[in-house]
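Visitor: Sharing a structure with you now.
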Ligand code: PAF
């Protein structure tokens, strides 16, 4: 990839990178669309990054469909797909991890120890391989966005981090490759995440600013759903991921599937 992107750079062309783990859905394609609009050349990376999965997480079962991904990306008009192997990304002896202190510690960081070290490390390596002018991430993984922004700033990567709004199903469920794991009953129940966020946003718009009350609104709606096991429901600052703030963040399990979602309560909930 380095060769193609060096050539593009020499030709004075701008490069957009969309990092993914494959199993592409409309949310990824929205990122690709933005990248194609804003750059002369677009690279999509597909790499299921083993070091961001904890023991007992779904690395082995993570959905993979390289042929379908390639067809979707060809249709979308991308200029390159970067699909390194695990051995190429982490040759034997690799022993460096990037740890972003602070923002990678609460919430997802606590629930998934080491996850953000894996994300920050692979994203830094992708930035080095592709040398993008802009890189595209989805707002659904809001804490990941904050970690990547901090990492890019701290390590002086000359890349602009662009963030696209979450793409949702008609009932509000945020698109995620992991939605494929849900049983039909769990799928119905999973609409409770967006419905909790909508209720909290409505309360906020009507003047409810007390963090405890907003947390309670989120939890009550989620706990009304028998299949939902709430891991956290908090209202935090979108840069530090600690309270106080106006970003409502949720992590909820449905059976063996763990879903996350978020919404800035200062904005109207879409749809
Ligand atoms: O959001 C993802 O798909 C992954 O965490 C990323 C950014 C591609 C890094 O592996």
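Visitor: Specify the angular offset, from 0 to 90 degrees and rounded to the nearest 10, of the alpha carbon long axis of helix 66-76 from the longest principal axis of the alpha carbons in the chain.
Guide: The answer is roughly 80 degrees.
Visitor: Kindly put 163, 249, 148 in sequence by how many other C-beta atoms sit within 10 Å of each C-beta, fewest to most.
Guide: Ascending number of Cβ neighbours within 10 Å: 163, 249, 148.
Visitor: Order these by the 10 Å Cβ neighbour count, fewest first: 108, 11.
Guide: 11, 108
Visitor: Hey, what D do you get for the range 177-264 in µm²/s if you plug the Kirkwood alpha-carbon radius into Stokes-Einstein at 4 °C and 1.567 mPa s?
Guide: Translational diffusion coefficient: 99 µm²/s.
Visitor: Give the angle, between 0 and 90 degrees and rounded to the nearest 10, that separates the Cα long axis of helix 191-205 from the longest principal axis of the Cα atoms of the chain.
Guide: In the chain, helix 191-205 runs at an angle near 70 degrees to the longest axis.
Visitor: Taking the beta-carbon count within 10 Å as an exposure proxy, list 117, 40, 212 from fewest neighbours to most.
Guide: Details: 117 18, 40 14, 212 9.
Neighbour counts put them in this order, fewest first: 212, 40, 117.
Visitor: Moving on. Take the Cα of residue 128, step 7 Å along the line toward its Cβ, and report every residue of the range 153-170 whose backbone nitrogen sits under 18 Å from that point.
Guide: From the range 153-170, the list is 153-159.
Visitor: With a Förster radius of 41 Å, plug the Cβ-Cβ distance of residue 153 and residue 206 into 1/(1 + (r/R0)^6) and report the FRET value to the nearest 0.05.
Guide: Numbers: r = 36 Å, r/R0 = 0.89.
Once rounded, the FRET efficiency stands at 0.65.
Visitor: Sticking with this one: Would you calculate a helix-derived [θ] at 222 nm for the chain, using -39,500 (n - 2.57) for each DSSP H run of n ≥ 4 and dividing by the full residue count, to the nearest 500?
Guide: -11500 deg cm²/dmol
Visitor: Compute the helix-to-body angle for 211-223: its Cα long axis versus the longest principal axis of the chain, expressed 0 to 90° and rounded to tens.
Guide: 90
Visitor: Give the value in nm², to one decimal: projected area of the alpha carbon convex hull of the range 1-142, averaged over all directions. Walk me through the numbers on the way to the answer.
Guide: Numbers: hull surface 36.4 nm².
Averaged projected area of the range 1-142's Cα convex hull equals 9.1 nm².
Visitor: How do the peptides 238-244, 128-134 rank, highest first, by the average count of neighbouring beta carbon atoms within 10 Å per residue?
Guide: Most protected by this proxy first, the peptides run 128-134, 238-244.
Visitor: With a point put 7 Å past each Cα toward its Cβ, work out how far residue 87 is from residue 185 in nm, to one decimal.
Guide: 4.5
Visitor: A follow-up question, please. For a quick size check, give me the Cα extents of the chain along its three principal axes, largest first, whole Å.
Guide: Per principal axis, max minus min of the Cα coordinates gives 55, 38, 36 Å.
Visitor: Once fully extended, how much extra length lies between residue 61 and residue 3, figured as 0.36 nm per residue of separation less the alpha-carbon to alpha-carbon distance? Before the final figure, lay out the partial values.
Guide: Working: separation 58, 0.36 × 58 = 20.88 nm, distance 3.26 nm.
17.6 nm is the gain from fully extending residue 61 to residue 3.
Each value in this text was obtained by applying a stated rule to the coordinates, not by laboratory testing. Quick caveat, the model's predicted, so the values are computed rather than measured. Here Cβ is always computed from backbone atoms with ideal geometry, including for glycine, and neighbour counts include all displayed protein chains.
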